[in-house]
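The values are calculated or read from the model by the stated rules, or taken from the named source; none is laboratory data. None of the values given here were measured: they were computed from a predicted structure. Cβ atoms come from the backbone with ideal geometry, glycine included; neighbour counts cover every protein chain shown.
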Amino acid sequence: MPHPEIALPRLIAHRGLSARAPENTLTAVRAAHEAGCRWVELDVQLLGDGTPVIWHDRDVKRCSNGRGRLATLSLAGAKRLDAGGWFASAFAGEPMATLEEMLALLVERGMGVNLELKVNRGHDPTTLAEVVVPTVLAALPPEQRLLSSFDAQALARSRALAGPEQLALGVLFKRIPDDWAERCRAVAAYSVHADWRYLRETRARSMKAAGVAMLCYTVNDIEVFERLGRWGIDGVFSDDPGRLVDQGA
Ligand code: G3P
Ligand code: MG
């Protein structure tokens, strides 16, 4: 299967450098870059007015000074929120980032991104893919982009919009299901992204043998990182890659 020539690093900053800056913000991505990360993982979803933004949760309570569901916000309303002060007062006033603003930063810094199409309850996976895929294709070269999702419909629509040589797709799983190979084939997947806590060595090795790249989330422990490396895992998402490097990664 022809895929873009992606040089994935072994450590990818999860939601930006989320251990040291408010997750999924421009500041978290700048911090990741300054810590030496070449790739970040970020979540994308749509506001009520259809604007794609970098955000993880279904609502804004945990990561801002506001309340309510993302799907009820307009861009103007979202921009009034403080998406940094919840993390630490030094980050107060950090705005929610749009996909467009984030892509501009990634281009400026020459960074790669694993953009997770986050389909929260009540959201439409097809529309999300239709908004995000063309925007990402227009902004970043093929070897700097990897889209992923837990949602099979979002992945299928993404694949219909861009072939495997144009766009690498990752299938996200918590526990790897028995039909993983079929689900990867259905979208000509480049990679599988799995929760390391449920992954077993035999399964990891059979997936690698089948030719899919394997990534694990969320790894903040050097022993786990080293064990996964011995199993042939290509890379991990970490909230604090620099800490793993300091410990010998
Ligand atoms: O994409 C890997 C990981 O981010 C998936 O889980 O909840 O952190 O988006 P979550
Ligand atoms: Mg994510």
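Structure data summary
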| quantity | calculated |
| --- | --- |
| Residue that is farthest from PHE173 (Cα to Cα), among those in segment 140-157 that are in contact with a helix residue (DSSP H, G or I) (Cβ under 6 Å, 6 or more places away or on another chain) and assigned to a helix (DSSP H, G or I) | ARG157 |
| Members of segment 181-198 found to be in a helix (DSSP H, G or I), in contact with a strand residue (DSSP E or B) (Cβ under 8 Å, 6 or more places away or on another chain) and surrounded by fewer than 20 Cβ atoms within 10 Å (Cβ to Cβ), listed by number | ARG183 |
| Per-region count, segment 107-122, residues over 19 Å from PHE237 (Cα atoms), within 16 Å of ligand 1 (Cβ to nearest atom) and modelled with pLDDT of 95 or more | 1 |
| Considering residues of segment 95-125 that are buried (at least 24 other Cβ atoms within 10 Å of the Cβ) and over 14 Å from the mean Cα position of the chain (by Cα) only, the residue nearest to ALA83 (Cα to Cα) | MET96 |
| Residue in segment 122-139 that is assigned to a strand (DSSP E or B) and on the phi < 0 side of the Ramachandran plot present | no |
| Output for segment 112-126, where each listed residue is within 16 Å of LEU11 (Cα to Cα) and away from ligand 2 (no atom under 16 Å from the Cβ) | none |
| Residue identified as surrounded by fewer than 16 Cβ atoms within 10 Å (Cβ to Cβ), in contact with a Gly (Cβ under 8 Å, 6 or more places away or on another chain), over 17 Å from VAL187 (Cα atoms) and at pLDDT 95 or above among ALA138, ALA92 | ALA92 |
| Top-ranked residue of segment 199-246 - restricted to ones that are of a type in the set (Asp, Glu) and part of a loop (DSSP other than H, G, I, E, B), ranked as farthest from PRO4 (Cα to Cα) | ASP221 |
| Hey, LEU73 buried (at least 21 other Cβ atoms within 10 Å of the Cβ), within 27 Å of ALA160 (Cβ to Cβ) and either in contact (Cβ under 8 Å) with a residue 40 or more places away in the chain or more than 16 Å from ligand 2 (Cβ to nearest atom) (or both) or not | no |
| All positions within segment 1-50 that are part of a strand (DSSP E or B) and within 16 Å of VAL219 (Cβ to Cβ) | LEU11, ILE12, ALA13, HIS14, TRP39, VAL40, GLU41 |
| Count of segment 14-73 residues which are farther than 16 Å from ASP124 by Cα, over 14 Å from the mean Cα position of the chain (by Cα) and within 14 Å of ligand 1 (Cβ to nearest atom) | 3 |
